[in-house]
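Here is the structure we will look at, set down as C-alpha cells.
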Amino acid sequence: MSSPASPPTAADVHAAAIRLEPVVRRTPLEISERLVEEHGFTVLLKREDMQLCRSYKVRGAYSLISALTAEERARGVVCASAGNHGQGLAFACRQLEIQGRVFVPANTPRQKRERIQAIGAEWIDLVIAGSSYDEASAAAHADSDTTGAVYVEPFDDARTIAGQGTVAVELLEQLVIPLDTAVIPIGGGGLAAGMALWLREHSPVTYLIGAAPAGAASMRAALDAGGPVRLPAVDTFVDGAAVGRVGDVTYPLVRDLLDEIVAVPEGAVCTEMLALYQTEGIISEPAGALAIAALRGPLARTPQGPTACIVSGGNNDVSRYSEVVERSLIHEGLRHYFLVTFPQEPGALRGFLDDVLQYGEDIIAFEYVKKNNRETGPALVGIELERAADIDGLLARFEASRLEIEQVPPGSPIFSFLL
C-alpha cells in the first residue's frame with residue numbers, strides 16, 4: 001500500500017477490494033428505463049445507496065482502518081463527519097473492535113447522530129464540536145494531536161481513496177458490455193480519484209465525468225487555479241459532496257485521470273431526487289442524485305453508449321423533502337417570487353387576482369413585508385405555474401397592471417427566508 005500522503009495505484013485499489021470483499025455489500029447495477037427513454041442511451045445505476053451504512057463511504061473508512069498496524073489500532077481512531085463518513089468509521093470500529101471518536105458539528109441532524117452511535121455501539125464516542133464541519137474537523141485534528149489517535153481522512157488518504165475506488169472494481173465485474181461513460185459525484189475527490197485509477201487501467205476507453213455541486217465546486221476551482229484552493233463560500237445542501245477544499249492527494253489524480261468536471265445546479269439535483277423517488281422508488285440523498293443530474297448537461301461530450309452513474313448514498317432526512325421540492329420547482333421555472341406593492345385603495349388585492357393571474361397560476365405564498373402597515377407595504381407573493389413557458393404571459397400582465405412589481409431572482413438573499 002502507498003503511504004497515506006502519496007498517490008495510490010490501481011494495485012492499491014485491487015488490494016483494498018480483496019480486504020473489503022468479505023465485509024461490504026456487492027451493490028446492484030441496474031438499468032433505469034426512465035433515463036434510457038430520456039437520454040437515448042443505456043443508463044446504469046450503481047446503487048451504493050444500498051451499501052452498508054447506505055453510502056460508499058464505508059469502503060474508504062474500513063480500507064484505512066483495517067490497514068492500521070497493531071500499535072496504531074491500540075491508539076484508536078478519530079474523524080470529523082457530517083454523517084456518512086462517521087457512520088463508515090463507526091462500522092469499521094465495531095467490526096475490528098477499535099475505539100473511535102466521531103466529531104460532528106452541532107447542526108448535524110439528530111437522526112444522523114443517533115445512527116452513528118447505534119452503528120458503533122460501545123466502540124464509538126460521539127462528540128459535538130463547533131457549529132460547522134470545519135470547526136468539528138479542527139477539533140478532531142486537535143484530539144488526534146493530543147491523544148495520538150489516528151485521524152481517518154474522509155478522502156485525502158491513499159488508503160481511503162483505494163477503498164472508495166473499489167466501486168469501480170465491482171462495476172466492471174458486473175458489466176457484460178464495454179462502458180462508454182462513467183459519471184462520478186465529486187466533492188473532495190476520493191471516490192473519483194479511486195475509481196479513475198481502476199477504470200483508466202482496466203477500461204481506458206471509458207470517458208470519465210466528475211459531477212460537483214454548483215454551490216461547492218471545489219474541484220473545478222482547483223483545476224482553474226492550478227491547485228487546491230479554499231472556496232470563499234459553500235452551499236452545504238449537497239452535504240455529501242459539499243467540500244470547501246479538495247485534497248492534496250486527490251487533486252493531481254483527478255486532474256490527470258478524469259476527462260471532464262461539471263458543476264450541477266442544486267435545483268437540478270433536487271429534480272432528480274424527486275424523479276428517483278417517484279419513478280424508481282429510490283430514496284437518494286442529494287449527493288446520490290448528483291451524477292444522474294449531470295447527464296442533463298451541458299457536457300463537453302455526450303455519452304455514445306452505456307453510461308454508469310454512481311448513486312453514492314441514501315442517507316436523506318425526510319424532513320428535507322419540502323426544501324427539495326422548493327428548490328426543484330424554482331430550478332424548473334415553475335415557481336416564482338415577487339415583491340408586489342399594492343396601492344392604498346379598496347379592492348387592490350382583488351384586482352390583482354382578477355386581472356393579473358390566470359387559470360393554472362396559483363398563489364403558494366403571500367406575506368406582507370411591512371407588517372406595521374398592511375395597506376401600503378409590499379407583499380412577498382409566490383406563484384406556481386403549470387408550465388415554465390407561462391412566465392412570459394404572467395410578466396406581460398404584470399407590466400400592463402398599475403401595480404409596482406419586482407421579481408425576486410433565484411439566488412437573492414430573500415430566498416434564505418424561503419428555503
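Every number in this text was worked out from the coordinates using simple rules, so none of it is lab data. These numbers were taken from a predicted model, which means no experiment stands behind them. Neighbour counts are summed over all protein chains in view; Cβ atoms, including those assigned to glycine, are modelled from backbone coordinates with ideal geometry.
What the phi angles of the range 298-311 give under the Karplus curve with 6.51, -1.76 and 1.60, with θ = phi - 60°, is a coupling list of x, 10, 5, 9, 6, x, 9, x, x, 10, 9, 10, 8, 7 Hz, glycine and proline written as x.
Max-minus-min Cα coordinates of the range 57-151 on each principal axis give 35, 26, 21 Å, with the largest extent listed first. Sorting Glu71, Glu266, Glu326, Glu332 by the number of Cβ atoms found within 10 Å of their own Cβ, with the fewest placed first, yields Glu71, Glu332, Glu326, Glu266. If contacts are Cα pairs under 8 angstrom and at least 6 residues apart, what is the relative contact order of the chain in percent? 15 percent.
Amide H contacts of Val43 (H built 1.01 Å from N, in plane; Pro and chain starts excluded): Ser32, Val36, Thr307 sit under 5 Å, all sequence-distant by 5 or more or on other chains. Taking trypsin sites (Lys or Arg not before Pro) across the range 202-295, none is in a DSSP loop with at most 10 further Cβ atoms lying within 10 angstrom of its Cβ. In terms of its alpha-carbon gyration tensor, the range 64-118 comes out prolate; a/c meets the 1.5 threshold, and the first ratio a/b outweighs b/c. Close amide H partners of Ile128, meaning residues 5 or more places away or on another chain with modelled amide H under 5 Å apart, are Val104. Only DSSP H runs of four or more residues enter the estimate; each adds -39500 (n - 2.57), and after division by the residues of the chain the mean residue ellipticity at 222 nm equals -11500 deg cm²/dmol.
Spherically averaged projected area of the convex hull of Cα atoms, the range 136-246: 8.3 nm². The chymotrypsin sites (Phe, Trp or Tyr not before Pro) of the range 275-363 meeting both criteria, a DSSP state outside H, G, I, E and B (loop) and at most 15 other C-beta atoms within 10 angstrom of the site's C-beta, are Tyr359. Highest-first packing order for the peptide set 200-208, 62-70, 41-49, 133-141 is 41-49, 62-70, 133-141, 200-208, based on the mean count of other beta carbon atoms within 10 Å. Can you pull the percent of Cα pairs in the range 169-309 with separation above 20 Å? Percentage above 20 Å: 45.
Each Cα pair under 8 Å and six or more residues apart adds its sequence gap; the mean of these over the residue count of the range 291-412 is a relative contact order of 29 percent. With a 10 Å cut-off between alpha carbons and a GNM built on the chain, which of Val340, Val311, Val176 moves the most? Looking only at Val340, Val311, Val176, the biggest GNM fluctuation is shown by Val176. Footprinting exposure proxy ranking of Ile98, Ile292, Ile414, fewest other C-beta atoms within 10 angstrom first, gives Ile414, Ile98, Ile292.
The range 1-43 and the range 233-256 have Cα centres lying 19 Å from one another. Considering only beta bridges that DSSP places wholly inside the chain, some 45 percent are antiparallel.
Evaluating 6.51 cos²θ - 1.76 cosθ + 1.60 at θ = phi - 60° for every residue in the range 103-117, the Karplus couplings come out as 9, 10, x, 5, 8, 5, x, 4, 4, 6, 4, 5, 5, 4, 5 Hz, glycine and proline recorded as x.
For the range 57-151, a crude dipole built from +1 on the beta carbon of Lys and Arg and -1 on the beta carbon of Asp and Glu, taken about the Cα centre, is about 400 debye to the nearest 20. Selection among Ile116, Gly88, Leu52 by position relative to the dipole of the range 35-127 gives Ile116 as farthest towards the positive end (Cβ unit charges, Cα centre). For mean projected area of the Cα convex hull in nm², the value computed from the atomic coordinates appears in the list (1) 38.7; (2) 30.3; (3) 22.3 under label (3). For the range 162-174, 3J(HN,Hα) computed residue by residue from phi via the Karplus equation (6.51, -1.76, 1.60; θ = phi - 60°) reads 4, x, 5, x, 5, 4, 5, 4, 4, 4, 5, 5, 7 Hz, glycine and proline entered as x. How are the alpha carbon pair distances in the range 333-417 distributed across 5 Å bins from zero to the largest one, expressed in percent? For the range 333-417, the binned pair fractions read 3, 14, 25, 28, 18, 9, 2, 0 percent. Here the residues Asp390, Asp248, ranked from fewest to most Cβ neighbours within 10 Å of their Cβ, fall in the order Asp248, Asp390. When each of the peptides 404-411, 16-23 is scored by the mean number of other C-beta atoms lying within 10 Å of its residues, the order from highest to lowest reads 16-23, 404-411.
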